[in-house]
Amino acid sequence: QVQLVESGGGLVQPGGSLRLSCAASGITFSGYAMSWYRQGLGKERELVAAITNAGGSTNYADSVKGRFTISRDNAKDTVYLEMSSLKPEDTAVYFCNAKRTGYWGLIIDYWGQGTQVTVSS
């Protein structure tokens, strides 16, 4: 059974920092690209950051560049999202995603249950 379990969310003041973690089980973690998405209240889910399976390449949404850093530890089957200089508009549920391309180009992906991040004074 595949599980992606996020942790580290919470309430933080503007300008503060948080570190999200996503622990994977039931998959060969090193075979998956990992991403963080977020969904604010009444908004569509959006990609925040992504990292390739070996960690050699990353990609960020323009809104978080320079403030967020995605990383992974394949020995621990865990992906992280370091968030700094947080803004109220970063408030959302943050989801972890694992994705790979299978046979015949079939996309195989899994989602975590999400962790709430609230940025407020």
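Before I look further, what does the chain give for accessible area per residue, probe 1.4 Å, in whole square angstrom? Walk me through the numbers before you get to the answer.
On the way: 6560 Å² over 121 residues.
With the other protein chains kept in place, the chain gives 54 Å² per residue.
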Considering only protein heavy atoms and a 1.4 Å probe, what is the carbon-and-sulfur percentage of the accessible area of the chain? 49 percent
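If you add up the charges near Glu82, with Lys and Arg at +1 and Asp and Glu at -1, over every other residue whose beta carbon is less than 11 angstrom from its beta carbon, what do you get? Could you put the intermediate results ahead of the total?
Working: positive: Arg19, Arg67; negative: none.
Within the 11 Å Cβ shell, the charges total +2.
What GluC sites (Glu not before Pro) does segment 32-110 have in DSSP loop regions with at most 16 other beta carbons within 10 Å?
Details: sites: Glu44, Glu46, Glu82, Glu89; in loops: Glu44.
Passing sites in segment 32-110 are Glu44.
Work out how much length Arg100 to Ser85 would gain on full extension: take 0.36 nm times their residue separation and subtract the Cα-Cα distance, in nm to one decimal.
2.3 nm
Using DSSP loop states and a limit of at most 14 other Cβ atoms within 10 Å to flag trypsin sites (Lys or Arg not before Pro), what is the longest stretch of the chain containing no flagged site?
Result for the longest clean stretch: 77-121.
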Under 26 Å from Lys99, Cα to Cα: lysines that are on another chain or at least 8 residues apart: Lys43, Lys65, Lys76
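The values are calculated or read from the model by the stated rules, or taken from the named source; none is laboratory data. Given the structure is predicted, the values throughout are model-derived calculations rather than measurements. Here the Cβ is made from the backbone with ideal geometry for all residues, glycine too, and neighbour counts use every protein chain on show. The protein model used for the area step is the full one, side chains on, heavy atoms only, and it has no ligands, DNA or RNA in it. Shrake-Rupley method; radii C 1.70, N 1.55, O 1.52, S 1.80 Å.
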